[in-house]
Amino acid sequence: MDATLIKALQLVLSLSILVVLHEGGHFFFSKLFRVRVEKFFLFFDPYFHLFSTKDKWFTRLFPKCKDKETEYGIGWLPFGGYVKIAGMIDESMDTEQMKQPMQKWEFRAKPAWQRLLIMIGGVLVNFLLALFIYTMILFYWGEQYIPAKDMTMGFQFSEQAEQLGFRDGDILLAVDGKNLKKWDASVYRSVSESREVTVLRDGKEVILDMPKDLNMLEMLKSNPPFMVPFVPAVIDSVLPATPVYEAGIRGGDRIMFIDDESVVTWNDFDEIMRVRMETLANGASHEDSVRLRYLTVVYSSEDGATVDTAVIQLGTDYKLGLLKQSLLSYYKPVKEEYGFWSSIPAGVSHGIDVLSGYVSDLKYLFTSDGAKSVGGFITIGSIFPATWDWLTFWETTAFLSLMLAFMNILPIPALDGGHVLFLIAEIILRRPPSDKFLERAQVVGMALIMGLMVLACYNDIMRFIL
């Protein structure tokens, strides 16, 4: 199956689960407090829908399933979902209903504390769902990682990192006195927010003072990378009928030079190839294009007994046909198993850490680089793997659930957080905002959300084009 299709199917399944359960949170509290829910839809349905329990064919086939109060359905516009709650101003903008006399089963007729619970129901479900998924992941799969202290070959650092005091070969031990448990993407965040980093250098612990303005986005996008684990440029295997295979290079061989440029690690190799590919992509002259398609590679045998040279011609896809050795070739990962009861606090703690990291990273949204990083469905879909892997699927779904919960609770009109803000103000001031104010706030909030969606779609398109 095509990788793009697999990613798309995972995205649709994940968002469907999250949207249905989020709206189910609103639905649950509405029913609990006897508030009428007129519609419960997965995806939006402007002008028409794909399915509805009010459809004639459905009511004829399933007469006993007919719900006289709530219409359940699936829309055609996959931008989320909604529940239409009677007696409130929401995205449906049903202002005519608000002009009618208030009924006891309407949202506006209920006490403020009940309305507050109805509005936070979706966020609450998404938050609890994420913690539940993380708990079940630890219970079923456990946790596998390479301890940071065991990475004895250390790290390779960029020039920017060296200016801060890092040196190639340093082993990361602790951040602000807290030991680093494992190497993953969160280490970048920890270092960027730290005041000091402890490394092991030549057998001695060295404390490096970090600046206050260290930007994580700049660290992540820098070329060469700010820091990467030191992995020798040893080939794991070579694909048949590829440029590297035809040149006689095999698995176990170690690349030493490319066109007289020294290669020690795969990071060195990647940087050389990145510069070459950028030059080719940016309209190099015909002469340079022909020259850059040929690589003079010096490599040694697996045992280091022989050194040889090969000239490799890149194909039209620029792929060499080699697979790199990874960290797992040098370090044995640790696997922690969790029983059912022990997985609960571990899953909750992990979920809270993920949420804290996400909230911390939001400060970059208001920078130029952060605005460019905003993405829509293409960006979200790209974080799913190209092959169907249930562990990665559930980890991604849990993260998206936390993201959905936090974004919805922001005090922006049209979002759950906007309704919550107005309800809290009502409780404090002891009088509700006027319907006219709520209508205008809803319009403003929807405009802001649409603007953000336009930005996200624009960024998706630009990434696709570039």
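The values are calculated or read from the model by the stated rules, or taken from the named source; none is laboratory data. It should be emphasised that the depicted structure is a prediction, and the values quoted were computed from it without experimental measurement. Cβ: placed from backbone, ideal geometry, glycine included. Neighbour counts: every protein chain shown. For the accessible areas, the whole protein counts, side chains as well, though only heavy atoms, and no ligand, DNA or RNA atoms are used. Shrake-Rupley method; radii C 1.70, N 1.55, O 1.52, S 1.80 Å.
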From the option list ILE272, ILE258, single residue qualifying as free of Cβ contacts under 8 Å to residues at least 60 places away in the same chain and either touching a Phe, Trp or Tyr at 6+ places or on another chain (Cβ under 8 Å) or aromatic (Phe, Trp, Tyr) (or both) is ILE258
Within the stretch 66-124, the residues that are at pLDDT below 75 and either in contact with a Lys or Arg (Cβ under 6 Å, 6 or more places away or on another chain) or surrounded by 20 or more Cβ atoms within 10 Å (Cβ to Cβ) (or both) are ILE89, SER92
For the stretch 175-229, the count of residues that are farther than 19 Å from TYR331 by Cβ, β-branched (Val, Ile, Thr) and in contact with a helix residue (DSSP H, G or I) (Cβ under 7 Å, 6 or more places away or on another chain) equals 2
Residues of the stretch 147-171 being in a helix (DSSP H, G or I) and touching a Phe, Trp or Tyr at 6+ places or on another chain (Cβ under 8 Å), in sequence order, are ALA148, ASP150, GLN160, ALA161
In the stretch 41-54, is there at least one residue being open to solvent by 70 Å² or more (accessible area, probe 1.4 Å), modelled with pLDDT under 85 and not aromatic (Phe, Trp, Tyr)? yes
Residue hits (the stretch 189-210; surrounded by 11 or more Cβ atoms within 10 Å (Cβ to Cβ) and assigned to a loop (DSSP other than H, G, I, E, B)) are GLU193, SER194, ARG195, MET210
